[in-house]
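Below is one structure; the comments refer to it alone.
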Amino acid sequence: MMLRSNNPDIAIAQEWVSELDTWIRTHGLCGYDPFDIKQARLLRMIQTSPFLRKTGTALCDLFPNGMRRILRVSPTENPKAHALTALGCLRLFELTQEQSFLDRALGHLDWLRQHASAGFHGLCWGYPFDVFGKGVDTPAGTPVGVISAIAGQAFLRAYELTKETAPLDDAQSIAQFMLQDLPRMDETDGACCFGYTPTDRRRVHNANLLVVEHLTRVGALTGDSAYTEAAEPALQFSLTHQREDGAWPYGEFAPGEPFERNLMELVDHHHTGFVLRALHGIYKVKNDERLYDALRKGFKFYQKLVDPGGIPLNEYGRYPVDIHACAECLLCCSIISESLAGAKNIAIRSMRWSWYSMRDPESGAVFYRKYPFHTTRIIFPRWGVAWMYWALAEYLHRFGK
């Protein structure tokens with residue numbers, strides 16, 4: 001794939017991304033997911049009770065494969081996994097100029113085109129399983145703004161590398177879905193928030209900003225100001241709701257809403273990373289000082305969510321350490337290091353700890369969760385492998401040249 005660096009931190013990342021690349025080519029992207037088991041009837045019944053939900057989660061973490069066999073959960077192929085893997089392949093193509101990486105990335109984009117949700121105004125994708133929770137009942141296949149935005153990043157990167165019109169057309173199609181099918185919840189100050197799905201009216205910051213980022217980038221590349229004008233009120237929504245300490249909760253909750261308040265007010269690691277990456281992407285297009293101020297303030301808080309050894313933390317504590325948070329720490333800090341001093345060192349520490357603590361030494365694949373005295377060793381293609389694959393590719397793109 002590439003010559004091994006004499007820098008040990010680069011060499012580890014090179015070896016690891018090569019292992020994950022081999023794993024993906026060998027096993028494919030069809031597999032289990034942390035959320036697939038929650039569609040099982042028994043677990044759906046307990047999702048609205050925090051205590052019973054945590055008990056069910058503990059059983060699934062202790063016996064991940066056995067619980068799925070008992071509850072007859074089948075493996076699925078997730079559109080997000082294809083988008084993430086495409087992003088990783090595209091970065092590796094930039095690094096190595098190996099045509100095989102570009103060919104595989106375009107193959108993942110073709111898969112996305114062929115598996116888009118039908119009946120909407122543009123290309124869009126959902127999860128291949130139901131998503132159920134308090135105030136939320138989303139059938140499998142319902143398009144999700146987050147998945148569609150991540151796919152949009154892959155199509156836009158393919159356009160930037162190939163200069164072919166088809167990926168840009170696809171990115172514009174995704175933008176039309178966002179503008180015409182996602183609800184917008186209006187605020188009294190003229191701001192608004194894009195919905196998570198066409199039927200989900202929760203005001204979730206990472207989902208909102210990922211949509212804003214996609215619309216902003218499409219507007220910049222096409223010269224069509226309608227995209228950026230539509231995104232501005234939603235950008236204002238999340239900027240206004242940044243906490244004084246720099247953090248964003250998962251979303252905004254108003255009394256009387258049917259959603260789970262604890263979830264909406266939660267500050268966790270990987271969703272904070274999503275917000276910072278999206279803000280950074282918007283800032284790179286708009287070069288607006290208010291965005292840089294919000295990004296800098298947000299990163300100051302984010303540093304509290306990583307311990308000195310590189311372990312990702314949540315506002316509520318350390319355990320369980322989730323592979324998704326590990327990958328996001330590496331990914332977020334690699335990307336925003338372009339604008340913020342200190343992010344590179346966090347990325348290095350995070351990569352070292354994740355390699356030592358969350359990686360299968362035989363295959364390079366990544367384990368799901370780590371507790372003080374137990375590691376859940378199930379391998380999730382979407383939640384773990386694909387995210388870490390992209391994260392390592394971004395790390396090498398930023399620091400391994």
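The values are calculated or read from the model by the stated rules, or taken from the named source; none is laboratory data. Values in this document were obtained by computation on a predicted structure and should not be read as measured data. Here Cβ is always computed from backbone atoms with ideal geometry, including for glycine, and neighbour counts include all displayed protein chains. Heavy atoms of the whole protein, side chains included, go into the accessibility calculation; ligands, DNA and RNA do not. Shrake-Rupley method; radii C 1.70, N 1.55, O 1.52, S 1.80 Å.
Things to note:
- Odd one out for residue 87, checked against (1) over 22 Å from the mean Cα position of the chain (by Cα); (2) open to solvent by less than 20 Å² (accessible area, probe 1.4 Å): (1)
- Each residue in the stretch 236-282 was checked for being at pLDDT 95 or above, part of a helix (DSSP H, G or I), hydrophobic (A, V, I, L, M, F, W, C) and touching a Lys or Arg at 6+ places or on another chain (Cβ under 9 Å), and 3 pass.
- Residue 319 vs. criteria part of a helix (DSSP H, G or I) and among the hydroxyl-bearing types (Ser, Thr, Tyr): no
- Residue satisfying condition, being modelled with pLDDT of 95 or more, surrounded by fewer than 23 Cβ atoms within 10 Å (Cβ to Cβ), of a type outside the set (S, T, N, Q) and more than 19 Å from residue 170 (Cβ to Cβ), within set 101, 63, 120: 101
- Subset of the stretch 1-51 [of a type in the set (D, E, K, R), open to solvent by less than 30 Å² (accessible area, probe 1.4 Å) and under 30 Å from residue 95 (Cβ atoms)]: 9, 21, 33
- Among residues of the stretch 125-155, those that are closer than 17 Å to residue 115 by Cβ, open to solvent by 10 Å² or more (accessible area, probe 1.4 Å) and of a type in the set (A, V, I, L, M), counted: 1
- Yes/no for residue 240 being within 20 Å of residue 301 (Cα to Cα), surrounded by fewer than 22 Cβ atoms within 10 Å (Cβ to Cβ), among the polar types (S, T, N, Q) and touching a residue at least 24 places away in the same chain (Cβ under 8 Å): yes
- Positions within the stretch 377-391 being closer than 14 Å to residue 86 by Cβ and of a type in the set (Lys, Arg), in sequence order: 382
- The residue that is farthest from residue 29 (Cα to Cα), counting only those in the stretch 353-382 that are aromatic (Phe, Trp, Tyr) and assigned to a loop (DSSP other than H, G, I, E, B), is 373.
- Residue match in the stretch 326-340 (condition: within 15 Å of residue 277 (Cα to Cα), in a helix (DSSP H, G or I) and open to solvent by 10 Å² or more (accessible area, probe 1.4 Å)): yes
- Filtering the stretch 196-208 for residues that are assigned to a helix (DSSP H, G or I) and among the hydrophobic types (A, V, I, L, M, F, W, C) leaves a non-empty set.
- Restricting 158, 171 to those that are more than 15 Å from residue 238 (Cα to Cα), touching a Pro at 6+ places or on another chain (Cβ under 8 Å) and open to solvent by less than 10 Å² (accessible area, probe 1.4 Å) reduces the list to 158.
- Check on residue 310, closer than 28 Å to residue 372 by Cα, open to solvent by less than 40 Å² (accessible area, probe 1.4 Å) and part of a loop (DSSP other than H, G, I, E, B): yes
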